[in-house]
Amino acid sequence: MKATVSRPRSAWVEVDLEQFARNWEILRKEVPASVSLMFVAKDNAYGLGAVPAARVALDHHADSLAVFTLGEAQELRDAGITAPILILGERLAEEVPHVLELDLEPCVGSIEVAEAFSKAARERSRPVAIHLKINTGMNRFGFSWRTVDSWGQRLRDLAGLEFCGALSHFAQSDELDKGFARTQSGRFEAVLDHLAAEGIRPRWIHHCNSGGVLDLPDAHFNRVRVGLLAQGVYPSEVCRRIDGIAPVLSLRARITAIQALEAGDTVGYGMRWRAEGPCRIGVLSIGYGDGYPRLRNQGHVLLHGHRVPLVGGVTMDALMVDLATVPEAQIGDEAVLLGSQGSERITVQELASLRGTVTYDVLTGLRGRLPRVYRGGIGDGSPG
Ligand SMILES: *Cc1c(COP(=O)(O)O)cnc(C)c1O
C-alpha cells in the first residue's frame with residue numbers, strides 16, 4: 001500500500017507492535033528450535049498492516065513469509081523485504097512470470113503448473129524453487145495424496161525445479177477431535193516417503209497452521225505457518241493456551257456526539273430502540289462500513305472502564321450507545337470496541353459470535369477505511 005497523507009479520524013485500529021514482537025518471542029520458545037517459523041502475512045496480515053507486521057516478525061524469529069496474491073507479495077517487495085516469500089494457492093499460466101520477477105516461492109499442486117515453472121526455469125537458465133502442495137483431504141489445492149504413484153515420477157523428470165518445500169493444510173486442526181488431522185498427517189507422511197523413494201527430498205516440510213502449532217506437535221515437521229496465533233488470537237475456544245500470548249490489535253473510537261432523549265424517543269433507522277425515560281446517547285463515528293458487525297440492540301463498547309450497551313442498529317458510519325452507566329462521559333472520550341480498557345475486555349471471539357462467524361473474519365473484515373495506528377515499534381502510522 002502506498003503511504004497516504006494521514007488525516008485525523010475519530011475511529012481507528014491500534015496495533016501494539018511490542019506485544020506482536022513478544023508473541024513471536026514466546027512462539028520461538030514454544031516450538032522446538034529445529035522448526036522454522038513462517039509468518040502468514042496474507043490479507044494485510046489479517047488487518048495488522050502487512051509491511052510493519054512482516055518487519056517485526058522477521059526481526060523476531062520468523063524466517064519466511066507467506067501471502068496469497070501477487071499484489072500482496074509486491075507490497076512486501078516494494079517495501080524492501082527480501083526474505084523468502086511463499087505464495088499460497090495455485091497459479092494460472094499468466095501469473096508465472098510475475099512469480100519469478102518478484103522472486104517468490106510458489107506452491108505447485110499440479111503437473112501442468114509444475115511444467116510451466118520448469119519451462120520458465122529452463123528459459124532463464126536458473127532453477128525455480130517451488131513448494132509441492134499436497135492435498136491430503138482439504139480438497140482445495142494440491143496434488144492428490146491418492147495418485148502420488150503417477151505424479152511423483154513425472155515431477156522427478158522435470159528439469160529446472162528445486163524442491164524447496166512440501167506442504168499440506170489441515171481441514172480441522174483446532175477442534176478437540178484430532179481424528180481427521182491425524183489421517184491427513186498420515187497421508188502427508190506417506191506421500192513424503194514415496195517422493196523420497198523417487199529421489200525428491202524437499203528441504204522444508206510444513207503442515208501446521210495456528211491450530212496445528214498449538215495442538216499437533218507431532219505434525220510440526222521442520223516448519224510451521226503461523227498467522228492468527230501471532231496476533232494473540234486463538235483459532236478456537238478449545239485449543240491449547242500459551243502463557244503470555246496476548247492480542248495485538250484493538251479497535252477504538254471517540255465519542256463524536258451526544259443526544260439527550262426523553263421517554264418514548266427512539267434511536268436510529270427503523271426506530272429499533274426506545275428510551276424508557278430521559279437518557280443520554282453517545283455516538284461513535286464507526287459503523288458497518290468499517291467492518292464492524294451490523295448489530296441491532298446487541299453488543300457493547302468499553303467506556304470509562306464499563307461495558308456500555310449498543311442501542312438501535314449499527315449504521316454504515318456510526319453506532320449509538322446508552323450512556324446511563326457512565327454519566328461522566330463526554331465528547332472526545334475514547335471507547336474500546338475490541339480490546340481492553342481497565343479490567344474489562346471485548347475479545348475478537350465475542351465479536352465473532354455476535355456476528356455468527358470466526359475470529360479470522362472479524363479481523364480481516366476491518367476495512368482499510370480505518371487508519372492503523374502503531375504503538376511501540378517501526379510502524380508506518382503515527383498515533384492519532
Ligand atoms: C491462512 C493459512 C495459514 C495460516 O493459518 P492460521 O490459522 O492463521 O495460522 C496457513 N496455511 C495456509 C495454507 C493458509 O491458507
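For the stretch 21-119, list log₁₀ I(q)/I(0) at each q in 0.10, 0.13, 0.21 Å⁻¹, using the Debye formula over Cα point scatterers of equal strength and ignoring solvent, two decimals each. Computed log10 I(q)/I(0) values: -0.29, -0.48, -1.02.
Using helices alone, I'd like the mean residue ellipticity at 222 nm for the chain: each DSSP H run of four-plus residues gives -39500 (n - 2.57), total over residue count, nearest 500. It would help to have the intermediate numbers written out before the result.
Numbers: 11 runs with 107 residues, N = 384.
When only DSSP H runs of four or more count, the value is -8000 deg cm²/dmol.
Considering only S236, S343, S353, the Gaussian network model of the chain with Cα springs below 10 Å gives its largest mean-square fluctuation to S343.
Taking amide hydrogens as placed 1.01 Å from N in the peptide plane, the amide H of L132 sits under 5 Å from those of V108, G165, A166, L167, each at least 5 positions away in sequence or on another chain. Considering only L261, L155, L132, give the residue with the highest GNM mean-square fluctuation for the chain, with springs between Cα atoms whenever their separation is below 10 Å. Of L261, L155, L132, the most mobile in the Gaussian network model is L261.
Using a 1.4 Å probe over the heavy atoms of the protein chains, calculate the carbon and sulfur portion of the accessible area of the chain as a whole percent. Ligands and nucleic acids excluded, carbon and sulfur reach 49 percent. 3J(HN,Hα) along the stretch 266-281, derived from phi through the Karplus expression 6.51 cos²θ - 1.76 cosθ + 1.60 where θ = phi - 60°, amounts to 10, 10, x, 4, x, 6, 7, 9, 10, 6, 8, x, x, 7, 10, 10 Hz, with x in place of Gly and Pro. For the stretch 249-375, dividing the convex hull volume of the Cα atoms by the residue count gives 102 Å³ per residue.
Computed over the stretch 64-201, the range of Cα coordinates on each principal axis works out to 42, 34, 22 Å, biggest value leading. When both the stretch 236-302 and the stretch 106-183 are represented by their alpha-carbon centers, they are found 45 Å apart. Based on the reciprocal of the average 1/r between different C-alpha atoms, the Kirkwood radius for the chain equals 22.7 Å.
Once you charge only the Cβ atoms, +1 for Lys and Arg and -1 for Asp and Glu, what is the size of the charge dipole of the chain about its Cα centre, to the nearest 20 debye?
Values: 42 positive and 46 negative charges, 39 e Å.
Taking the Cα centre of the chain as origin, the dipole is about 180 debye.
In sequence order, the stretch 21-28 has phi-based couplings of 4, 4, 4, 5, 4, 5, 4, 4 Hz under the Karplus curve 6.51 cos²θ - 1.76 cosθ + 1.60, θ = phi - 60°, and Gly or Pro positions carry x. Once the Cα atoms are used to define both axes, helix 179-197 deviates from the longest principal axis of the chain by about 30 degrees. Accessible surface for the chain, divided over its residues, is 44 Å² per residue with a 1.4 Å probe.
Look at the dipole of the chain built from charges on Cβ: of C164, C239, V267, the Cα furthest out on the positive end belongs to C164.
Considering only A54, A196, A318, the Gaussian network model of the chain with Cα springs below 10 Å gives its largest mean-square fluctuation to A196.
The values are calculated or read from the model by the stated rules, or taken from the named source; none is laboratory data. This is a predicted model, so every value here is computed, not measured. Reconstructed Cβ throughout: ideal geometry from the backbone, glycine too, with neighbour counts over all protein chains shown. Protein only, heavy atoms only, side chains kept; ligands, DNA and RNA dropped before computing areas. Shrake-Rupley method; radii C 1.70, N 1.55, O 1.52, S 1.80 Å.
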